[in-house]
Amino acid sequence: MAATNVTTEPRRFLRGLFDAAVKAADPTHCLKPFLPAPPKGRTIVVGAGKAAASMAKAVEDDWQGPIEGLVVTRYGHGLYCQHIEVIEAAHPVPDAKGQAAAKRILKSVDGLSADDLVLCLISGGGSALLALPGVSDGPEGHFEISLSEKQAINKALLKSGANIVEMNTVRKHLSGIKGGRLAAAAHPAKVLTLGISDIPGDDPAVIASGPTLADPTTAVDALAILKLYAIDVPENVAAFLVSPAAETPKADDERLANVGFKMIAAPQASLEAAAQVCRDLGMKHEILGDAIEGEARVAAEEQADLAMKIAQSDKLGTAPTVLISGGETTVMVKGTGRGGRNAEFLLALAIALDGEPGIHALACDTDGIDGSEDNAGAYISPDTLERAAAKGIDANAFLDNNDGYSFFEALGDLIKTGPTRTNVNDFRAILIMGEGQ
């Protein structure tokens, strides 16, 4: 896009930054360099996440030798693969198809030899998609978590405001496959995981709840998180969490001795791809961070304050400035609206900016789905609140009801991309115009 289009077509410009960020994390472009040499024995491909199907397709396209396996992805995110089966299941609340897929994945790695390779493809969303509730059969008794109980706990966590590390700590300890258990089941085969990070800080053990990696957290941690967010669990779940079966494999577990991990895409690289677009256009830009967490509306207020300071500064001159950030904010759900953390962020941002001239912004989830809706995110301009008021829409009321989706739908400002089949979390860009533009 020509530099002159930045000021005349700010929405198109911001959408171009988002597209560049997504492309940088597309397995079609970034997976091949990380493929290992084929083993002497079998190659079993397993995986879970919003990028699982596109990762499987990328592996098939460049693999030399026989290959087989099974991956599970979110409904609508599938692709056809010739040798690797792709199953679709529910996200963010797990369902029976995810549970059946997890059972099959666990069974597929059983009985392998040291000559075999398990290639595990992991991306964000895998925690919900690998839905295999834990079972304890020890001297303390039989405790089995049902799918409906996992669903209820998952829903409560999503509404609680807990961050992704906290949520996945609980998920690991309620699971029969996450938190290193998949790799333990594959022993003595070699296990190599290729990961796409949607986690602030890019900790491999947190991505999709680390099914192939040693888990530094404990069942005691999981119980503490449930208590912190006042999430009540059934007696059998509480009993399971204090049983030995709830504990995950740790770093000294010999079953994890032949396990490797390679990060093929991460949020920072996608933010850098967007920044490169700005550099190519000779624009000022600043990456605020790839791991921004906390309440979406709080993050919005902080970034609005920074944007207005830049807009009002004499140092800005005539060149536009772009503030770029990533991470995963949270929403404390108190209303009944159709939300999504990016829509929440933008609605709060528009309110905080209060029509400040020359500031436009876009916030989208790189997987193409903001929360559980059909949009990736939305866009705001200096006249967002004015246009809403003309339609009789009270922005503050919609924010209080966690109804960012409906707010932006009414204005025609939702961004809809469809599934991108990758996931490096949220992308936010704030365009600040200089004087004389």
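Bear in mind these aren't lab numbers, they're just calculated from the coordinates by the rules spelled out. What you see is a predicted model; the values in this text were computed from it and never measured. Cβ: placed from backbone, ideal geometry, glycine included. Neighbour counts: every protein chain shown.
Peptides 424-431, 325-332: what's the order by average Cβ count within 10 Å, highest mean first?
Numbers: 424-431: 27.6, 325-332: 21.9.
The most tightly packed comes first, giving 424-431, 325-332.
Between ILE415 and ALA376, GLY377, ALA378, TYR379, the built amide H atoms are under 5 Å apart, and every one of these is 5 or more places off in sequence or on another chain.
Specify whether the C-alpha gyration tensor of the stretch 181-252 places it in the rounded, prolate or oblate class, a ≥ b ≥ c being the square roots of the eigenvalues: rounded for a/c under 1.5, otherwise prolate if a/b is larger than b/c and oblate if not. Write out the running numbers ahead of the final one.
Values: a/c = 2.73, a/b = 1.49, b/c = 1.83.
It is oblate, given that a/c is not under 1.5 and a/b is not larger than b/c.
Over the stretch 27-265, what is the relative contact order in percent, taking alpha-carbon pairs closer than 8 angstrom and at least six residues apart? It would help to have the intermediate numbers written out before the result.
Details: 556 pairs, mean separation 49.7, N = 239.
Computed value for the stretch 27-265: 21 percent relative contact order.
Fully extending the segment from ILE287 to THR218, taken as 0.36 nm per residue of separation minus the present Cα-Cα distance, adds 21.4 nm. Take the alpha-carbon centre of the stretch 78-144, take the same for the stretch 370-402, and report the distance between them in whole Å. Cα centroid of the stretch 78-144 versus Cα centroid of the stretch 370-402: 38 Å apart.
Peptides 238-250, 32-44 ranked from most to least packed give 238-250, 32-44, packing being the mean of other C-beta atoms within 10 angstrom over each peptide's residues. Starting from the amide H of GLU85, placed 1.01 Å from N in the peptide plane, find each other amide H under 5 Å away whose residue is 5 or more places distant or on another chain. Amide H neighbours of GLU85: GLY69, LEU70, VAL71. Relative contact order of the chain, taken over Cα pairs closer than 8 Å and 6 or more residues apart, is 17 percent. So in the stretch 27-265, what percent of DSSP beta bridges are antiparallel if you round to the nearest 5? Around 15 percent of the beta bridges assigned by DSSP in the stretch 27-265 are antiparallel ones. So what is the relative contact order of the stretch 257-380, in percent, for Cα pairs below 8 Å that sit 6 or more residues apart? Value for the stretch 257-380: 25 percent. So, in Å, what gap is there between the alpha-carbon centers of the stretch 290-351 and the stretch 178-227? Value for the Cα centre distance between the two parts: 30 Å. Karplus-derived 3J(HN,Hα) values for the stretch 50-66, using 6.51 cos²θ - 1.76 cosθ + 1.60 with θ = phi - 60°, are 5, 9, 4, 5, 5, 5, 4, 5, 5, 5, 4, 5, 10, 7, 9, x, x Hz; glycine and proline are entered as x. In straight-distance terms, cross-link reach from LYS227 covers every one of the lysines whose alpha-carbon lies under 22 Å from its own, apart from those fewer than eight places away in the same chain; here that gives LYS150, LYS155, LYS159, LYS172, LYS178, LYS334. Nearest 10 degrees is fine. How inclined is helix 296-311 to the longest principal axis of the chain, computing both from alpha carbons? It works out to around 40 degrees.
Rg ratio for the stretch 27-265: its Cα radius of gyration over 2.2 N^0.38 Å, N being its residue count, equals 0.95.
Under the rule a/c < 1.5 gives rounded, and otherwise a/b versus b/c splits prolate from oblate, where does the stretch 229-352 land using the Cα gyration tensor?
On the way: a/c = 3.90, a/b = 1.63, b/c = 2.39.
Oblate, since a/c reaches 1.5 and b/c is not below a/b.
Listed by chain and number, the lysines placed with their C-alpha closer than 27 angstrom to that of LYS23 are LYS32, LYS50, LYS57, LYS262, LYS284, LYS416; residues fewer than eight positions away on the same chain are left out. Computed from the alpha carbon atoms alone, the convex hull of the chain holds 133 Å³ per residue.
Oblate is the label for the stretch 124-280. Its Cα gyration tensor axes, ordered a ≥ b ≥ c, give a/c of at least 1.5 and b/c at or above a/b. As a rough guide to protection, the peptides 111-117, 22-28, 299-305 ranked by mean Cβ packing within 10 Å, highest first, stand as 22-28, 299-305, 111-117. A simple spin-label model places the labels of ARG11 and GLU85 4.4 nm from each other, with each point 7 Å out along Cα-to-Cβ. Over all projection directions, the Cα-based convex hull of the stretch 1-104 averages an area of 8.8 nm². Fully extending the segment from VAL93 to ALA397 would add 106.7 nm, taking 0.36 nm per residue of separation and subtracting the current Cα-Cα distance.
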